[in-house]
Amino acid sequence: EAKYYEDNNITVKLSTTVTGIDYEKRTLTTDKQETIAFNKLLLATGCSVVKFSDFYPKEKSVFNNIFYLRDICDARRIKQAMYDESNAAKDCAVIGGGYIGMEVSAALIASKSFRKVTMVFPEAHMMAARGFFT
């Protein structure tokens, strides 16, 4: 995998935090006192999934009908539920109005896996946290 990055002129900085951005000089400063120059900058900050186990003891937060989407195993579990014909008469709620919530909702609707799909999110509209659709 390292060869891929090298072949494509990609530098990977693991365990590094950007502590400053100078847009005029087009540089980043890191927690390691390193200055990195850039021509174009893509901010891909990611996020952390919030699970019931963050609030309740693990033994009280395991459910068969709640899915999270953070990795391929999660995606496979969701796909399995999508193609389970016993869900066709059931309703589904998707928590989150960001990219992942919108994409999962679209896939569930397109597959007709559930009788009804409802998106739930605290903002006034989808993608509000990203400043879209204002």
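What follows draws every value from the coordinates through simple rules; no lab data is involved. Given the structure is predicted, the values throughout are model-derived calculations rather than measurements. So basically every Cβ, Gly included, is an ideal-geometry build from the backbone, and we count neighbours across all protein chains shown.
For Gln80 and Phe38, FRET efficiency with R0 = 35 Å and r from the beta-carbon atoms, rounded to 0.05?
Once the sixth-power term is evaluated, E becomes 0.25.
Check which residues have an amide H placed less than 5 Å from Val94's amide H, if you skip close sequence neighbours.
Long-range HN contacts for Val94: Thr118, Met119, Val120.
How large is ³J(HN,Hα) for each residue in the stretch 98-113, as worked out from phi by the Karplus curve 6.51 cos²θ - 1.76 cosθ + 1.60 (θ = phi - 60°), to whole Hz, x for Gly and Pro?
Rounded to whole hertz, the list is x, 4, 5, x, 5, 5, 5, 4, 4, 5, 5, 5, 4, 7, 6, 6.
Can you give me the Cα centroid spacing of the stretch 78-112 and the stretch 9-27 in angstrom?
The two parts, judged by their Cα centres, are 37 Å apart.
When a/c reaches 1.5 or more, the comparison of a/b and b/c decides; with that in mind, is the stretch 61-119 rounded, prolate or oblate per its Cα gyration tensor?
It comes out rounded by the Cα gyration axes.
Could you name the lysines whose alpha carbon sits less than 29 Å from that of Lys13, not counting residues in the same chain fewer than 8 places away?
Once the sequence-local lysines are set aside, what remains near Lys13 is Lys3, Lys25, Lys32, Lys40, Lys51.
List the lysines whose alpha-carbon lies under 23 Å from that of Lys112, not counting same-chain residues fewer than 8 positions away?
Lys79, Lys90
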